[in-house]
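One structure is given here, and the rest of the page talks about it.
The values are calculated or read from the model by the stated rules, or taken from the named source; none is laboratory data. Note that the structure is a prediction, hence the values are computed from the model and not measured. Every residue, glycine among them, receives a Cβ derived from its backbone with ideal geometry; neighbour counts consider all protein chains shown.
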Amino acid sequence: MSESSASVSAPGSLMLFGEHAVNYGEPAVALSINERSICNARVSNKFTVNDEELEQNKHPHIRGALLQGWTDMDTPISFTTETSIPPSWNLAVSSMTVACLGSLSMLHDHVILEEVARKAFEVEFDVLGKIVSPLDTITSTYGSATVMKKQPSENFLWKVEKEQKTWYAHHCEVPDMQFVLGNTGSPSPTSQMVEKVKRFYERNAFARDIIKDIGQTSLEGADALKKGDVEKVGRMMSANQKLLLTLGVSHSMLEKLISAAARHSYGTKLIGMGGGGCILALTDTPEKVCEAIEQVGGQPNLVNVEKEGLRIEDE
């Protein structure tokens, strides 16, 4: 360890295709966005987060990152964190976990992206439970886009295996695209929606078919991304949304925002686990989409793809 402190940032990530399906090993695609979380880790005389004592209940992901990424528990670490990702988007957790692990890696004099991404997934798995995928943590680590498939192909990164599920992660460069994120103002009950889908999936063959169809839509969307076919990307987003609606994870306010944004978009869909939260619209007229979302009571925000992943910051 040659330095006593290190600052690292990581972009937020959002699901473009494959919500819920990725948790069952189906294909999915995530994008990194141009909003970041930053973590400074420094050698200290006690373990703290933003000048508060580090506690499991208050800081589960940071504590998890510490346990995964720090080898000398006799040497305390103080973390200072900040993020430009609004809390209501519910997109900052993975990027902060990745940033914390990146800063600890810097203190150990090495940053290996695969190691950071794998450890970040282990943290999320331990904190959030078994129904979670490595997609967000990989995307926050590598930037641009990540495609999860059932077998390796072009731009293959590495394989992840957990709880009898296997994912093959692929890096994907994406065309320039303009997105508008619309916030309903109603938070998504993430754990409730995950459990709802889990029960549906385990008891009903129809639900399992929907999950497979979402996976197929993800593959078609990934192919469109690779080819730079923005119009087809939009169509696949809307197709994904119809499947999520059938799965029962949409919400009346989400549908209101989607309907308003769709008039000026290539495609629209919810992001996250559903039941509230946010939508995403792909468009070349973002001003019109923002206005339409505001008119039905939503909060619009422009979002761009971030092509750079984990990044060392000047202190």
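Some observations on this one:
- Note on the stretch 130-170: residues that are within 21 Å of SER191 (Cβ to Cβ), surrounded by fewer than 22 Cβ atoms within 10 Å (Cβ to Cβ) and under 16 Å from the mean Cα position of the chain (by Cα) total 2.
- Consider the stretch 209-221 and keep the residues that are of a type outside the set (A, V, I, L, M, F, W, C) and free of Cβ contacts under 8 Å to residues at least 60 places away in the same chain. The one that is farthest from VAL296 (Cα to Cα) is ASP209.
- Tally of residues being basic (Lys, Arg) and touching a Ser or Thr at 6+ places or on another chain (Cβ under 7 Å) across the stretch 16-54: 2
- Test for SER9: is it surrounded by 20 or more Cβ atoms within 10 Å (Cβ to Cβ) and within 18 Å of the chain's Cα centre (by Cα): yes
- Residue within the stretch 115-129 that is crowded, with 17+ Cβ neighbours inside 10 Å, in contact with a helix residue (DSSP H, G or I) (Cβ under 9 Å, 6 or more places away or on another chain), at negative phi and not in a helix (DSSP H, G or I) present: no
- Counting only residues that are more than 16 Å from LYS232 (Cα to Cα) and either among the aromatic types (Phe, Trp, Tyr) or in contact with a helix residue (DSSP H, G or I) (Cβ under 9 Å, 6 or more places away or on another chain) (or both), the stretch 264-287 holds 10 of them.
- Screening ASN240 against (1) within 30 Å of HIS171 (Cα to Cα); (2) surrounded by fewer than 22 Cβ atoms within 10 Å (Cβ to Cβ) leaves a single unmet condition, (2).
- Of all residues in the stretch 46-75 being over 12 Å from ALA120 (Cα atoms) and aliphatic (A, V, I, L, M), the one that is farthest from the chain's Cα centre (by Cα): MET73
- Any pair with Cβ under 7 angstrom, 6 or more apart, that starts in the stretch 185-202 at a residue that is more than 30 Å from GLN295 (Cα to Cα) and assigned by TED's automatic domain parsing to the domain that holds LEU245 and ends at one that is modelled with pLDDT under 95 and hydrophobic (A, V, I, L, M, F, W, C): VAL194/ILE131; VAL194/MET273; LYS198/ILE131
- Residue check, SER95 farther than 21 Å from ASN40 by Cβ and either under 15 Å from the mean Cα position of the chain (by Cα) or not assigned by TED's automatic domain parsing to the domain that holds SER9 (or both): no
- Test for ALA224: is it surrounded by 18 or more Cβ atoms within 10 Å (Cβ to Cβ), free of Cβ contacts under 8 Å to residues at least 24 places away in the same chain and either more than 18 Å from the chain's Cα centre (by Cα) or under 28 Å from PRO86 (Cβ atoms) (or both): yes
- Residue that is surrounded by the most Cβ atoms within 10 Å (Cβ to Cβ) [pool: residues in the stretch 18-52 that are among the charged types (D, E, K, R) and closer than 30 Å to PRO152 by Cβ]: GLU19
- Among the residues of the stretch 127-175, those identified as of a type outside the set (A, V, I, L, M), touching a residue at least 24 places away in the same chain (Cβ under 8 Å) and over 24 Å from ILE211 (Cα atoms) are SER140, THR141, TYR142, GLY143, SER144, GLU173, PRO175.
- A single entry from LEU270, LEU244 fulfils the requirement of being in contact with a Lys or Arg (Cβ under 9 Å, 6 or more places away or on another chain), at pLDDT 95 or above and under 22 Å from ASP209 (Cβ atoms): LEU244.
- Unique residue being in contact with a Lys or Arg (Cβ under 8 Å, 6 or more places away or on another chain), modelled with pLDDT of 95 or more and buried (at least 21 other Cβ atoms within 10 Å of the Cβ) when the list is ILE62, ILE77: ILE77
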